[in-house]
Amino acid sequence: MTLSIGRRILLGFFAVTVVIVALGFYALAQIGAVRDTTDAIVRRDMAVLRELDDLGNEARDLGLLRRTAVIAMLTQTQAPVPGRPARADDTLATWRQTADRLEGRLATIAQLAAEYRTSAASSERGAAWDRVAAASGEVQGAFREVRSLSEAQFAAIAKQDVAAVEARNDEITRLQGPFLGGIKTLRTLLDGGMAIGQRAAQEVYERSRLSIYLTLAGSVLLAILVTWLISGAVVRPLEAVMRFVERVGDGDLSGQLQLHRRDEVGRLSGTLNAMVSGLSDL
């Protein structure tokens with residue numbers, strides 16, 4: 001089955017159009033992939049960063065509450081004020097609520113890090129989340145020791161045992177070093193993970209850009225190929241026909257149009273040759 005000249009031209013333009021449209025959809029898909037990757041990285045980093053900021057604030061509040069309770073107990077012991085009830089129970093209740101929230105945030109950070117590890121943008125990014133999860137577990141262990149000693153100190157405050165309260169201070173101060181240092185380590189690890197995330201997003205962008213360039217180059221090559229095929233199947237035969245017609249118009253009836261094609265142009269060639277033969281017989 002042969003195609004007419006018009007259908008060949010339409011087919012060529014249709015093929016080029018399909019490639020251009022496909023390239024457009026592919027480019028949009030790649031842009032969407034870059035956007036989704038960047039959004040996921042930023043969203044995850046910001047979620048953990050907010051938890052760490054609140055964690056630091058609550059760790060500071062815990063220290064202030066405990067010191068406030070100690071100072072209040074020592075003040076009342078040294079110079080009691082008649083008629084003023086002790087506020088140790090209220091301070092202890094607030095301290096425990098804050099401690100519960102702090103432990104919950106540490107658990108949330110560990111949970112988020114484990115969740116983000118499974119769908120990280122790169123293996124390096126996944127390893128960074130593993131480090132955050134491990135460090136969070138270490139901070140949890142350090143905080144449990146601080147909380148246990150702090151509870152013991154609050155119990156001594158309730159008994160007005162000055163010696164026991166002061167004895168706990170040195171132990172709590174010693175254990176707070178790893179606890180507060182662990183929070184700083186978490187922040188440092190998150191900063192490193194954010195830098196890795198930025199590099200991962202940049203790599204996704206570079207890969208997407210390269211693939212778009214390659215697809216564009218393939219589209220250009222296909223367009224050149226289609227143009228060449230149309231030229232060989234339509235343009236050059238038509239140019240030969242027009243040159244033959246011009247010679248006949250100038251009175252040269254000696255030539256023959258040889259296209260050797262079994263299609264519409266070939267049939268046109270046969271018709272023109274027959275017409276020229278008829279004119280030469282006159």
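The values are calculated or read from the model by the stated rules, or taken from the named source; none is laboratory data. Please read all numbers here as calculations on a predicted model, not as lab measurements. Every residue, glycine among them, receives a Cβ derived from its backbone with ideal geometry; neighbour counts consider all protein chains shown. For the accessible areas, the whole protein counts, side chains as well, though only heavy atoms, and no ligand, DNA or RNA atoms are used. Shrake-Rupley method; radii C 1.70, N 1.55, O 1.52, S 1.80 Å.
A Förster radius of 41 Å, combined with the Cβ-Cβ distance separating residue 108 from residue 28, puts the computed FRET efficiency at roughly 0.70.
Here the translational diffusion coefficient of the stretch 25-147 follows from Stokes-Einstein with Rh set to the Kirkwood radius across Cα pairs; for 20 °C and 1.002 mPa s it amounts to 123 µm²/s.
Spin-label pair residue 61-residue 43: with each label point 7 Å from Cα along the Cα-Cβ axis, the two points sit 2.8 nm from one another.
The length gained by stretching the chain between residue 21 and residue 242 to full extension, at 0.36 nm per residue less their Cα-Cα distance, is 76.0 nm.
Step by step: find N for the stretch 113-179, compute 2.2 N^0.38 Å, then divide the Cα radius of gyration by it. What's the final number?
Numbers: Rg = 18.2 Å, N = 67, 2.2 N^0.38 = 10.9 Å.
The value comes to 1.67.
What is the percent carbon and sulfur in the accessible area of the stretch 116-187, measuring with a 1.4 Å probe over the protein chains and ignoring ligands? After summing per-atom areas, the C and S share lands at 51 percent. Spacing of the modelled spin labels on residue 160 and residue 215, each 7 Å from Cα toward Cβ, amounts to 8.0 nm.
What is the extension gain from residue 127 to residue 71, computed as 0.36 nm multiplied by their sequence separation minus the C-alpha to C-alpha distance, in nm to one decimal?
Full-extension gain reported as 15.7 nm.
Judged by the mean number of other Cβ atoms found within 10 Å, the most tightly packed of the peptides 60-69, 22-31, 127-136 leads the ranking 127-136, 60-69, 22-31.
Given R₀ = 25 Å, FRET efficiency for residue 138-residue 117 by Cβ-Cβ distance, to 0.05? Efficiency for this residue pair is about 0.90. Estimated at 0.36 nm per residue, the fully extended path between residue 195 and residue 224 surpasses their Cα-Cα distance by 6.1 nm.
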